[in-house]
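The values are calculated or read from the model by the stated rules, or taken from the named source; none is laboratory data. Just so we're clear, the structure is a prediction, and the values are computed from it rather than from any experiment. Every residue, glycine among them, receives a Cβ derived from its backbone with ideal geometry; neighbour counts consider all protein chains shown.
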Protein chains: 2
Amino acid sequence: MAFILTFLGKGGTGRTTIAIAAAKKLANQGKRVLLLGQDSSPAFGAALGTALSLDPQEISPNLYAVQLQTATLLERSWEEVKKLEAQYLRTPFFKEVFGQELSVLPGMDTALALNAIREYESSGKYDAIVYDGSGDQATLRMLGLPETISWYIRRFRKLFVESDLGKALSPVIQLAASTVLTNVSFVGDNFAQPTGQVNDLLEQGKQVVANPQRMAAYLVTTNDPAAIATAQYLWGSAQQIGLTVGGVILNRASGADEVTTAFDPLLVTTIPIQSVNDWQPLIDVLPNFQDQASQAPRPIAVNVSERKVSLFLPGFDKKQVKLTQSGPEITIEAGDQRRNVDLPPQLRGQPVKGAKFQDGYLIISF
Amino acid sequence: MAFILTFLGKGGTGRTTIAIAAAKKLANQGKRVLLLGQDSSPAFGAALGTALSLDPQEISPNLYAVQLQTATLLERSWEEVKKLEAQYLRTPFFKEVFGQELSVLPGMDTALALNAIREYESSGKYDAIVYDGSGDQATLRMLGLPETISWYIRRFRKLFVESDLGKALSPVIQLAASTVLTNVSFVGDNFAQPTGQVNDLLEQGKQVVANPQRMAAYLVTTNDPAAIATAQYLWGSAQQIGLTVGGVILNRASGADEVTTAFDPLLVTTIPIQSVNDWQPLIDVLPNFQDQASQAPRPIAVNVSERKVSLFLPGFDKKQVKLTQSGPEITIEAGDQRRNVDLPPQLRGQPVKGAKFQDGYLIISF
């Protein structure tokens, strides 16, 4: 099991620098660390001081680094899809299309990156994975995918089972899924009854995201008001995908009071303007990410006996949070995210009796 | 017809500030300008100095602003889809799913934003649209969508026509397309023979992206080497989607020589450190974006009589550019983008005789 760490914040606040320092710190502690860069430009390698390749390479003791390239990941996945198709569909029609010609569609970058993280995590080769992504809404959409896909399956499964079209579609959806989910056998599995490996994977993915011992995000900001506002927004938005935010890194700090107030009750780590090419002071000041994340507020708490669900939604005011119950589940809309909450059986399908928004928590009673 | 302008560059270089100043400049010239912010956080409104809503509002004479929110755009699209479905499918199965409960999947942010830009452009209400997006690969994936989807249709159409599954899938694909393509009638249209409106739209989209009188990107950088490296990478990557880069905005400049060399032959506009709350000096120094873009190098030139295709790929070296011909078209891979070139009939399907990479141009002979 690897601990997965990522950083959220406005561009230019130093997220990549902090991610590299965090990876170095974890490696210094004897952990086998993989640093994953989403940015395919040379800037990531330049920040690390070494050229990177498409597969992990050890750049210092215990520290491995890899730069993701979507076009290549897509090409590799496609070859897997064609193998699956050959054994699964009577009339394979992807056979004549080659991985080397596939263009990249929006969403593939993050879907393939998430699949790569999953594979690296399950390889057992790493104790920690530091993901240096875009650090914004796109990263949250990516980490929210297991939950979002689970919801789409829950919601559309019944509709599909009842239609001929659904039956015809089933194998194609599975093939499409396998372009972003490699080394997973879809044989014998069925979209209409998603038992087996795919469901297990989604369940595992959700559990990893929800467990601060397995995954945590930290906010990176400077004293710039726009950076603070963005970090606050991402703090609340992270809760919407069930991701624990373990703390705040205040970079190039000129004073911490305002930031400490803005992110209460999170711990704020203050980093003065650091000199270039000297990582050690930065490494020394960073917190123990995994331990600290375990102390941070959890995104959701369900109390079955009191028939209450509490959602932590910091950084939003009451008007920015919307609770609806138009479908079979309750839906919370905030921060351009919609979260459908799959409640335990005792509360599932029950009408909402009341809701209040208090001290950053949305408390729903059934 | 509106001129669409966007800015590419590393986070923190001041892209949003430049986008706002550009919108103000165009409005001062008497153009009706729409400023579109992709970032759903409060940072965008704060930079503008006004709260924004989900529909365009006039914030100063001739200047309209809107902040996109994917969850809302998805909800609105879904209602359209359900209407279409009701008239188009014998057994509608989306009827029972409500727009207010739909979660956002990766890729929807940019796909719905592109659809919004298209609708605003075709409304005839604006002379210029300034799009303040993430300014990175995600923006390029978005603007490359008309070309990418066209390729997927060209490539997969034949395979679909020949299969029963393809026939069954056709209406579903059209419905899926209509969640990100509103107010387009799919009735009577057919994926297997994509005549009519959808094909026209993709064709129009490709023409807009390829015409610097209709759309241009400008690079924003500071003197920071990482910002310069990112801007160079995005410069080359923009060519891969056929988007003209009109010039460079060097923000918070401490000297322009290095940047002028790095981006030769583009014009570099130098902006000294600007004072907060005084837009005028910034507005004054910005170039005439549309005129300048017309003078910049074009991404592709096809010379049928000499049987040569030249692709402008600045910022890459020879090793980073890959030319393959595994499918029916030639594929150029560079900057984590794959471009399949749909050649004119005289060169289509011809084998490549030779290729050389020279002064930033890949020149292919047939």
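Of the residues contained in region B:282-290, one or more are found to be surrounded by fewer than 16 Cβ atoms within 10 Å (Cβ to Cβ) and in contact with a Ser or Thr (Cβ under 7 Å, 6 or more places away or on another chain).
Filter region A:210-235 for residues that are under 23 Å from B:Thr70 (Cα atoms) and either within 10 Å of chain B (Cβ to nearest Cβ) or at pLDDT below 95 (or both) and give the result. Passing the criteria: A:Ala226, A:Ala227, A:Ile228, A:Ala229, A:Thr230, A:Ala231, A:Gln232, A:Tyr233, A:Leu234. In region A:306-320, of all residues being part of a loop (DSSP other than H, G, I, E, B) and at pLDDT 95 or above, the one that is farthest from the other protein chains (Cβ to nearest Cβ) corresponds to A:Glu306.
Just one of the numbered conditions (1) assigned to a helix (DSSP H, G or I); (2) modelled with pLDDT under 90 is not true of B:Ala51: (1). Each residue in region A:1-22 was checked for being within 14 Å of chain B (Cβ to nearest Cβ) and either small (Gly, Ala, Ser) or in a strand (DSSP E or B) (or both), and 7 of them qualify. When region A:211-262 is filtered for residues that are out of contact with any Pro (no Cβ under 7 Å at 6 or more places or on another chain) and among the small types (Gly, Ala, Ser), the ones remaining, listed by number, are A:Ala216, A:Ala217, A:Ala226, A:Ala227, A:Ala231, A:Ser237, A:Ala238, A:Ser254, A:Gly255, A:Ala256, A:Ala262. Just to be sure, is A:Ala71 surrounded by fewer than 17 Cβ atoms within 10 Å (Cβ to Cβ), of a type in the set (A, V, I, L, M) and free of Cβ contacts under 8 Å to residues at least 40 places away in the same chain? So A:Ala71 does not fit the description; no. The selection criterion, being assigned by TED's automatic domain parsing to the domain that holds A:Gly49 and either out of contact with any helix residue (DSSP H, G or I) (no Cβ under 9 Å at 6 or more places or on another chain) or closer than 24 Å to A:Thr222 by Cα (or both), holds for A:Leu267. The single condition among (1) within 12 Å of chain B (Cβ to nearest Cβ); (2) of a type in the set (Ser, Thr, Tyr); (3) not in a loop (DSSP other than H, G, I, E, B) that A:Ser134 does not satisfy is (3). The residue that is modelled with the highest pLDDT, among those in region B:137-157 that are more than 9 Å from chain A (Cβ to nearest Cβ) and over 18 Å from A:Ser40 (Cβ atoms), is B:Pro146. Across region A:23-48, what is the total count of residues that are more than 22 Å from the chain's Cα centre (by Cα) and in a loop (DSSP other than H, G, I, E, B)? Matching residues across region A:23-48 total 3.
Looking across region A:91-121, just one residue is over 26 Å from the mean Cα position of the chain (by Cα), of a type in the set (D, E, K, R) and more than 17 Å from B:Ile153 (Cβ to Cβ), and that is A:Lys95.
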